[in-house]
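Notes for the one structure printed next.
Values quoted throughout were computed directly from the atomic coordinates according to the rules given, and no laboratory measurement underlies them. These numbers were taken from a predicted model, which means no experiment stands behind them. Here Cβ is always computed from backbone atoms with ideal geometry, including for glycine, and neighbour counts include all displayed protein chains.
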Amino acid sequence: MDYAQLCILADEARSRSYCVYSDFAVGAALLTEEGKVYQGCNIENASYPAGICAERTAFCKAISEGERNFKAIAIAGGPKGSKPDNAYPCGICRQFMNEFVSGDSFDVLIVHEDLSYDQIKFSDILPFSFDPANLNK
Ligand code: THU
């Protein structure tokens with residue numbers, strides 16, 4: 001599974017977004033070290049804060065299946081009906097991911113309109129993070 005394919009899978013997951021309130025559709029594809037992919041989309045709710053982002057959907061699926069070693073996540077987000085447009089993960093998702101990834105070796109791929117991507121090291125999008133290590137865990 002190369003990163004270009006992972007971006008295609010993020011865009012595919014995006015087509016399943018449930019975003020009836022924001023009309024902002026996000027898809028994610030999370031790659032494990034072993035090469036397995038978990039897709040996720042944002043899932044909104046009439047009680048707005050009950051909604052969940054695409055990245056956390058993908059992580060929850062993977063973690064609950066026993067996965068713990070992650071290599072990269074591709075994120076494709078933008079207004080519904082338009083192509084993906086450089087959507088970066090929100091702060092809650094960054095903190096959520098931080099629990100399970102190694103900042104220097106986990107890659108974040110931000111999908112562009114033409115499905116090309118920017119590749120960023122996780123530690124560059126969440127510097128000075130609060131880690132399990134802060135709690136001696
Ligand atoms: N959203 C994500 O899925 N991921 C992010 O990192 C940013 C925001 C979703 C949440 C909500 O359903 C919609 O995009 C608009 O904020």
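Specify the inter-centroid distance of region 47-65 and region 111-137, based on alpha-carbon positions, in whole Å. Spelled out, the Cα-based centre of one part sits 17 Å from the other.
Over every Cα atom in region 19-59, the radius of gyration and the widest Cα-Cα span, Dmax, amount to 11.7, 37 Å.
On the basis of the beta-carbon distance and an R0 of 41 Å, Lys36 and Asp85 show a calculated FRET efficiency of 0.90. Taking label points 7 Å from Cα along the Cα-to-Cβ direction, Ile8 and Cys60 give a separation of 2.9 nm.
Note on Phe128 and Ser105: with the Förster distance fixed at 22 Å, the Cβ-Cβ geometry gives a FRET efficiency of about 0.75. Between helix 54-64 and the chain, what is the angle of the helix's C-alpha long axis to the longest principal axis, kept within 0 to 90° and rounded to the nearest 10? Rounded to the nearest ten degrees, it is 50.
Annotation: lysines with alpha-carbon distance below 19 angstrom to Lys61 (same-chain offsets under eight excluded): Lys36, Lys71. Placing a label point 7 Å from the Cα of Ala50 along the Cα-to-Cβ direction, the residues of region 3-43 whose backbone N falls under 16 Å of that point are 18-22, 43.
Placing a label point 7 Å from the Cα of Arg68 along the Cα-to-Cβ line, the residues of region 83-99 whose backbone N sits under 15 Å from it are 99. The convex hull built on the alpha-carbon positions of the chain has an orientation-averaged projected area of 8.1 nm². Taking every alpha-carbon pair under 8 Å whose residues sit at least 6 apart, region 1-133 reaches a relative contact order of 22 percent. For the chain, adding -39500 (n - 2.57) for each run of n ≥ 4 DSSP H residues and dividing by the number of residues yields -7000 deg cm²/dmol at 222 nm.
Our coupling estimate for region 109-114, obtained by passing each phi through the Karplus curve with A = 6.51, B = -1.76, C = 1.60 and θ = phi - 60°, is 10, 9, 7, 8, 3, 8 Hz, Gly and Pro reported as x.
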